[in-house]
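The values are calculated or read from the model by the stated rules, or taken from the named source; none is laboratory data. Keep in mind that what you see is a predicted model, and the values were worked out from it rather than measured. Backbone-built Cβ (ideal geometry, glycine too); neighbour counts: all protein chains shown. For accessibility, only protein heavy atoms count, side chains too; no ligands or nucleic acids. Shrake-Rupley method; radii C 1.70, N 1.55, O 1.52, S 1.80 Å.
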Amino acid sequence: MSLPGWLAPVAQGAEAITVHELTRFMPPEGSDARRGAVLMLFADLDGDGRGELVLTERAHHMRSHPGQVSFPGGTIDPGESAVEAALREAEEEIGLDPAEIEVFGELPELWLPPSNFAVTPVLGYWRERGHVHVVSTDEVHAIHHVAIDELLDPESRITVRHPSGWLGPGFLIGPGRDVILWGFTAGIIARLFDFLGWSGEWDTARMRDLPDHMLQGDPTPTAPTRPNTRFEE
């Protein structure tokens, strides 16, 4: 597969990066975590630049993680691979045609302690961007096409604070930069970009609290955890 020059470092980085560069927690011994997959979808932009990421904003009335910006994805069904699950979920959520996507890699399986999910991020390239739309308003509030250069802009970077005291990397996205990208998805993006050497300096003291509609659930671990001491957040 021939990838554009801006995307080649991502493919190379995916082969070299380990779980220790992406998360600070490791699954406990004998973990019975549920398996899931998400699609980290890269698409070309008109003109120069590093392209864009296609993200979804969860419905604001959902009981779990309402309003959270995420990659399309979900549970891996019996007999499915991570790639098959990620593409199926993207089709069900935003009408993405799997035939249009070139899968070029996977990131290491990552553990989410609060939900006890072991999630594989699948890397996909949308060479000829087609049409996507919100298939179910019960699940998806909006679709965000976010330029990578916008994510790398220091003015887009924030530290997110949860009432529990949890702090983590975040981004301001959307036309008015009024949508907060945080949690698992923001962590993957921030740490992958750090690993690739794409990230520049930004004001880590610029803090944003989560809006009320995002405050259902708690990002702090609720399942037993084994700290990954090689990772410092």
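Considering only residues that are of a type in the set (S, T, N, Q) and either in contact with an Asp or Glu (Cβ under 6 Å, 6 or more places away or on another chain) or modelled with pLDDT of 90 or more (or both), which ones fall in region 37-67? I'd like the intermediate steps shown before the answer.
Of region 37-67, the ones of a type in the set (S, T, N, Q) are 56, 64.
Scanning region 37-67 gives a single hit, T56.
For region 96-107, name all the residues that are in a loop (DSSP other than H, G, I, E, B) and crowded, with 16+ Cβ neighbours inside 10 Å.
The first filter runs over region 96-107 and keeps only residues in a loop (DSSP other than H, G, I, E, B), leaving 96-97, 101, 107.
Residues satisfying the conditions are L96, I101, L107.
Answer with yes or no whether S81 is open to solvent by 20 Å² or more (accessible area, probe 1.4 Å) and over 19 Å from M214 (Cα atoms).
Values: open to solvent by 20 Å² or more (accessible area, probe 1.4 Å): yes; over 19 Å from M214 (Cα atoms): yes.
Against the criterion (open to solvent by 20 Å² or more (accessible area, probe 1.4 Å) and over 19 Å from M214 (Cα atoms)), S81 qualifies.
Cβ-Cβ below 9 Å, separation at least six or inter-chain, first residue in region 115-143 and over 30 Å from T18 (Cα atoms), second outside any strand (DSSP E or B) and of a type in the set (V, I, T): which pairs?
Listed by first residue and then by second, the contacts come to V132/I94; H133/I94; V134/I94; V135/I94; V140/I94; V140/V134; H141/V134; A142/V134.
Looking at L172, L151, which one is open to solvent by less than 30 Å² (accessible area, probe 1.4 Å), within 27 Å of H20 (Cα to Cα), at pLDDT 95 or above and assigned to a strand (DSSP E or B)?
Values: L151 fails: assigned to a strand (DSSP E or B).
Criteria check complete, one pass: L172.
Tell me which residues, restricted to region 119-137, are open to solvent by 40 Å² or more (accessible area, probe 1.4 Å) and within 21 Å of D77 (Cα to Cα).
Passing the criteria: only V135.
Examine region 105-113 for a residue that is of a type outside the set (D, E), under 23 Å from W6 (Cα atoms) and in contact with a Gly (Cβ under 8 Å, 6 or more places away or on another chain), and state whether such a residue exists.
Taking region 105-113 and keeping what is of a type outside the set (D, E), we get 105, 107-108, 110-113.
Pick out the ones that are also under 23 Å from W6 (Cα atoms) and you get 105, 107-108.
From what's left, in contact with a Gly (Cβ under 8 Å, 6 or more places away or on another chain): none.
The answer is no, given that none of the residues of region 105-113 is of a type outside the set (D, E), under 23 Å from W6 (Cα atoms) and in contact with a Gly (Cβ under 8 Å, 6 or more places away or on another chain).
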